[in-house]
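S.K.: Sending over a structure as C-alpha cells; questions will come in a sec.
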Amino acid sequence: MKQRQPVPRHFSTYMDGLRILAAYYVFLFHLRNYKIGLPGILEKIPNHGHDAVILFFVLSGYVIAATVDRKKSTGWQDYFLDRAARVYSVAVPTLIFSALVAFVIQWTMQDSARSLSAMDVLSSSAINLLFLGQSWSVERWVVYNQPYWSLCYEVLYYALFGVAVFAKSLWRYAGLLIVGLVAGPKVLLLLPCWLLGVYAYRWRDRLVLSPTVAVVVGFVLPVVVLVLLNKTGFGPSTRAWMDVLIENRKDRLEFSADFLIDYVTAALVAINLYAARFIPFKFPIGAVAFFKGGANISFTLYLMHLPLIYLVLHFVADARHTLFWFFTCAIGVPLFCYFVSQFTEMKRASLRQWLAMRLAVFNIR
C-alpha cells in the first residue's frame, strides 16, 4: 500500500489547535478552581483539567514519533538537542519565575504566615530542573506551580523513547532499565498514555478511512463512548475498585491515581488523532495563523499561568470574585505568556545551537 504523507498540513493545523485549546483550557480550569471570577461563569468550565494533560501526553507521543521518523537518520544527538532545547527553553525560565513569585509572596506576607524558606524554594527548583520531582515516592512540586508535574513525567518518556529508538543491542535494555528505575512506578503508570500517541502515528496506515468514516470514528464514536461510560458510572466504580486494590491510592500515586480511567481517555484521544488525519479540514487562513501562533506559546502558557494566578490570589484576595478579574486574567495571562514566549520557546533554536556547541566541545558523538 502506498504510504500517505505522515503529517499533512491540514492535520498539523488541527494538532496545533488541539495544543493551544488544551493549554488554555487547563488555564481556565485553574481559574475555576481558584475562584477567579463570578460563580455563574466558573461553574460552566468543565472540571476535567487532568484529562487535558492526558491529551497532551498522547499528542506528545504522536508528534515525537513523527519527528523521529523524519529525522532518525541523523542520530541520537539531534534527538537529544531537539528535546533539550524544547524543554529547557521554557523549563528554566519557569523555575526562575516560579521562585521569584514564591519570594514575592513570602516577603509580602506577615512573618507569622510565611511557610516557605529560601532553601525550600531552591531545593524544589533543583530537583525539578532534573525532572525528578515525581519519581518513586518523591512529591516535590515546583513552588506555586503544580502543572510542572507533567513535565517530570514527559521528559522521562522522551528518555525511554530515545533509548528504545537509538540504543543498540544490550545497551538498549540496560538503558531502558536505568531510565525506568529513575522514573519509578508513578511515572511509568501513565507511560501507556504517551505510547498510545506513538502507536497512533506508527499505525497510521493500517486502515485507510474515508473522510465520512473518519468523522464518525474520530469524533462521533468517542462522544458516544464517553456518554455510555458516564451513564454506567465507569469513573466512580473504577475508583472504588482501585481503592480496594491499592491502599491509600491517591496519596501513593498522586497524579497517576486514576491511571485506568486515564488509559480510556488516552485511547479515545489516540483514536481521534488516527482518524482526524484522514479528514481534509479546510481551515480559514486566519484560523491557521491563530492555531500556529497559539501552539507556539502553548508550552509557556501551560507552565507559567499558575504562578500568575497565585499572584492574583495573594494581592487581590476576595476581590477576585468579579467579572473584571476573570476577564483580566483570561486575557492578560495569555498576553503575558505571549510576551514571555518570545524569549523562551521562540528562542529554542538559539538554545539548540548553544547546546550543540557544548556537545562539540566535549566531542560527544
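Bear in mind these aren't lab numbers, they're just calculated from the coordinates by the rules spelled out. None of the values given here were measured: they were computed from a predicted structure. Every residue, glycine among them, receives a Cβ derived from its backbone with ideal geometry; neighbour counts consider all protein chains shown.
S.K.: Name the residue, out of Met304, Met242, Met119, whose mean-square fluctuation peaks in a Gaussian network model built on the chain with Cα pairs under 10 Å.
M.R.: The residue with the greatest mean-square fluctuation here is Met119.
S.K.: Looking at Cys329, Val165, Phe299, which one has the Cα that reaches farthest to the positive end of the dipole of the chain (charges on Cβ: Lys, Arg +1; Asp, Glu -1)?
M.R.: Positive-most Cα among the choices belongs to Val165.
S.K.: Could you work out how far apart the two model spin labels at Tyr34 and Lys292 are, taking each label as a point 7 Å from the Cα in the direction of the beta carbon, and quote it in nm?
M.R.: Between Tyr34 and Lys292, the label points sit 3.3 nm apart.
S.K.: Counting pairs of alpha carbon atoms under 8 Å apart in space and at least six apart in sequence, what relative contact order in percent does region 9-359 give?
M.R.: 33 percent
S.K.: Hey, another quick one. Could you calculate, for region 186-270, the ratio of the Cα radius of gyration to the Kirkwood radius, expressed as Rg to Rh? Kindly include the intermediate steps, with their values, before the conclusion.
M.R.: On the way: Rg = 15.4 Å, Rh = 14.6 Å.
On the Cα set of region 186-270, Rg over Rh gives 1.06.
S.K.: Compute the Rg to Rh ratio over region 78-176 from the alpha carbon atoms, using the Kirkwood formula for Rh, and round to two decimal places.
M.R.: 1.11
S.K.: Test of understanding: in a Gaussian network model of the chain with alpha carbons linked when under 10 Å, which of Tyr25, Tyr173, Tyr310 would top the mean-square fluctuation ranking?
M.R.: Tyr173
S.K.: Based on the alpha-carbon gyration tensor of region 222-352 and its eigenvalue square roots a ≥ b ≥ c, which shape applies: rounded if a/c is under 1.5, prolate if not and a/b is larger than b/c, or oblate?
M.R.: oblate
S.K.: While we're looking at this one, here's another question. Would you kindly compute the Cα radius of gyration of region 9-359 and its largest Cα-Cα separation (Dmax), both in Å?
M.R.: 20.8, 65
S.K.: Would you mind getting me the FRET efficiency between Asn47 and Ala360? Use the beta-carbon distance for r and R0 = 35 Å, nearest 0.05.
M.R.: So, using R0 = 35 Å, E works out to roughly 0.10.
S.K.: Would you mind checking Lys44/Lys250; Lys71/Lys292; Lys35/Lys282; Lys71/Lys347; Lys168/Lys250; Lys35/Lys250 for any pair whose Cα atoms are more than 30 angstrom apart?
M.R.: From Lys44/Lys250; Lys71/Lys292; Lys35/Lys282; Lys71/Lys347; Lys168/Lys250; Lys35/Lys250, over 30 Å: Lys35/Lys282; Lys168/Lys250.
S.K.: Would you work out the charge dipole size for the chain about its Cα centre, treating the Cβ of every Lys and Arg as +1 and the Cβ of every Asp and Glu as -1, and quote it to the nearest 20 debye?
M.R.: It works out to roughly 1340 debye.
S.K.: Take Thr322 and Leu170, extend 7 Å from each Cα along the Cα→Cβ direction, and tell me the distance between the two endpoints in nm.
M.R.: According to this spin-label approximation, the distance is 6.9 nm.
S.K.: Here is a follow-up. Measuring from label point to label point, each 7 Å out along Cα→Cβ, what is the Ile178 to Gln77 span in nm?
M.R.: Modelled inter-label distance: 1.9 nm.
S.K.: Compute and list, largest first, the equivalent-ellipsoid semi-axes of region 291-345 from the alpha carbon gyration tensor, each √(5λ) rounded to a whole angstrom.
M.R.: 23, 12, 7
S.K.: Apply the membrane-span-like helix rule to the chain: whole DSSP H runs, Cα extent along the own long axis of at least 30 Å, mean Kyte-Doolittle hydropathy at least 0.5. List the helices found. Could the numbers behind the result be given before it?
M.R.: Values: long enough: 9-33 (36 Å, 0.20); 49-71 (33 Å, 0.97); 76-107 (45 Å, 0.86); 285-316 (41 Å, 1.46).
Membrane-span-like by this criterion, though nothing is claimed about a membrane: 49-71, 76-107, 285-316.
S.K.: Hey, can you rank 47-53, 16-22 by average C-beta count inside 10 Å, highest first?
M.R.: Final packing ranking: 16-22, 47-53.
S.K.: Sticking with this one: Once the Cα gyration tensor of region 115-261 is diagonalised, what are the square roots of 5 times its eigenvalues, in whole Å and ordered largest first, as equivalent ellipsoid semi-axes?
M.R.: The answer is 32, 24, 15 Å, longest axis first.
S.K.: Arrange the following residues from fewest to most other Cβ atoms within 10 Å of their Cβ: Leu195, Leu100. Kindly include the intermediate steps, with their values, before the conclusion.
M.R.: Values: Leu195 20, Leu100 13.
Least crowded to most crowded, the residues run Leu100, Leu195.
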